[in-house]
1. Which residues make up the longest stretch of the chain that has no chymotrypsin sites (Phe, Trp or Tyr not before Pro) in a DSSP loop with at most 15 other Cβ atoms within 10 Å?
2. Give me the percent of Cα-Cα pairs in the range 66-213 that sit more than 25 Å apart, rounded to a whole number.
3. Along the positive direction of the dipole of the chain (beta-carbon charges: Lys, Arg +1; Asp, Glu -1; about the Cα centre), which of Phe196, Met72, Gly185 reaches farthest?
4. Which ³J(HN,Hα) values, rounded to whole Hz and listed in residue order, are derived for the range 416-424 from phi using the Karplus coefficients 6.51, -1.76 and 1.60 in 6.51 cos²θ - 1.76 cosθ + 1.60 with θ = phi - 60°, glycine and proline given as x?
5. Describe numerically, in nm with one decimal, the distance between label points set 7 Å from Cα along Cα→Cβ at Arg427 and at Ala401.
6. What's the Kirkwood radius of the range 1-126 in Å, using all Cα pairs?
7. What fraction, in whole percent, of alpha-carbon pairs in the range 216-316 exceed 23 Å separation?
8. Once phi is turned into θ = phi - 60°, what whole-Hz ³J(HN,Hα) does the Karplus curve with 6.51, -1.76 and 1.60 give for every residue of the range 138-146, x standing for Gly and Pro?
Amino acid sequence: MTSTVNYGDKIPNNVDLGRDSVLQRALEHWQPQYMGWWSDMGPTESRIHDVYLRTAISVEPEGWAVFDYVKMPEYRWGILLAPPQAGREVNFGVNKGRPAWNEVPGEHRSALRRLIVTQGDTEPASVEQQRMLGMSCPSLYDLRNIYQVNVEEGRHLWAMVYLLHRYFGRDGREEAEALLERRSGDEDNPRILGAFNEPTPDWLAFYMFTFFTDRDGKFQLASLAESGFDPLARTCRFMLTEEAHHMFVGDTGAGRIVQRTAEVMARNRIENPDQVRDLGVIDLPTIQRYLNFHYSVTLDLFGSDVSSNAANFFASGLKGRYRETALHDDHVLTEATYAVSEVADARLIDREVPALSALNERLRDDYIGEVQAGVDRWNRAIERSGLPFKLTLPHKGFNRAIGNFAGHHISPDGRVLTDDEWNGRRREWLPSEKDYAFVQSLMSGRVVELGKFANWIAPPRTGINNKPIDFEYVRFN
Ligand code: BYC
């Protein structure tokens, strides 16, 4: 393995692809299919723009990426694995202490393939969900950021496709083709996980998605980075480097919308949402409803609270917990228990279950801790403006379709509701058609003058890669 990537190669990589001509040919066969998918489903009307993009060129922490103008169809989607760690072992489950696997262990083949396919499926899905948004961008800075996220999701698809081709033979090649055939929201051939079939109709939804849903990506990738199957661990370790920027985009993007609204409200001394809307910014209750939606569909992505799949993934050493190796316990968990919530007699109760079966819930709880910190940051902007409003995370049972809360109605403050109560108040808690129409009315065209920002969002504090905020991040040619 080399640490620097040769960009003269047809498929840039640090996995010595040139030494395996069969694999190289198979991937070169997939490459034009990928380009066809990008042309059909990648960002709308973006082919000839020069975009100031980051491209990964190395897996060394220092200087791993370069920034330059690139036309997106010419972006070099490379295959990059973090360097191997000498003597690495399986760090958890019944195989703990054995050498990490460099080839797929036969008995775990189908579970591993399923994990890789599920991860891979989310990457093109998100590009499909966001493909129209460039047409209504609030600034060149934001336009460049969404394109950066999109090309890197494309690279993450390449990362999973490499694993499928390299380690899973014909099945892997078929799965790689299917990854380009499913479509977000398609009735007949949808993406695998629920949140990736939801529309991302506007920029508030995009920022909520990158804040909440990309962060699920971080937690899932971190768990897979602990895998005893070393190529998966190394792939995910490098993907996490790129993922950090995606969450930054969401965190600061939603934060700038909140900040702008709070500033306009304070300056004009208004709190009534209709008056706030009249001033061309997004009222805080609407932001709260978007938050409720994206948070709840993202919580579903962690799977059922009690899951034998999750127990098997862990016991066999394929998928660890968040920061597994830094945790202080036996890493086997056969004796431990974990509390999960459920609904019994129209009340919420906690039940201790074997910790092995509750690993999805544990990861979800780790995730919740981190998103709370982000929402606290947004609230500081509201506090600074002296407004008596606070964004809150709804109860984790709210609006859930997977796991113990599915089929129940839980209010944001954690009460079990009847169908009638839920139907009566649903619109207070989740975005309505009217909310979506209002937000879209603010985003009818794109703002592309140098250094200009749409009225509904505050400018960022700094630009990208030390460039000024009014830098020409995208040239339209
Ligand atoms: N929607 O035991 P269960 C990212 C299915 S995001 C629909 O509950 P398990 C990114 C499940 O597949 C991170 N179906 O769950 C972010 C299973 O179906 P089958 C993506 C769902 O298996 C932004 C059945 O229900 N990575 O990277 O323990 C932009 C029962 O399964 C859902 C991963 O997810 C749902 N929400 O765990 C770009 C990591 N939830 O197989 C990218 C890999 C569950 O019986 N995946 N089901 O037909 C996994 O670790 C696991 O598959 C899951 C589910 C955690 C997702």
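1. Segment 8-475 is the longest.
2. 41 percent
3. Met72
4. 7, 10, 6, 4, 5, 4, 4, 4, x
5. So the two model labels end up 2.2 nm from each other.
6. Value: 17.4 Å, from the Cα pair sum.
7. Looking at the range 216-316, the distances longer than 23 Å represent 49 percent of pairs.
8. So the J values, rounded to whole Hz, are x, 5, 5, 4, 5, 5, 4, 5, 5.
FYI, it's all coordinate maths here, none of it is from the lab. It should be emphasised that the depicted structure is a prediction, and the values quoted were computed from it without experimental measurement. Note that we place each Cβ from the backbone using ideal geometry, even for glycine, and neighbour counts take in every protein chain shown.
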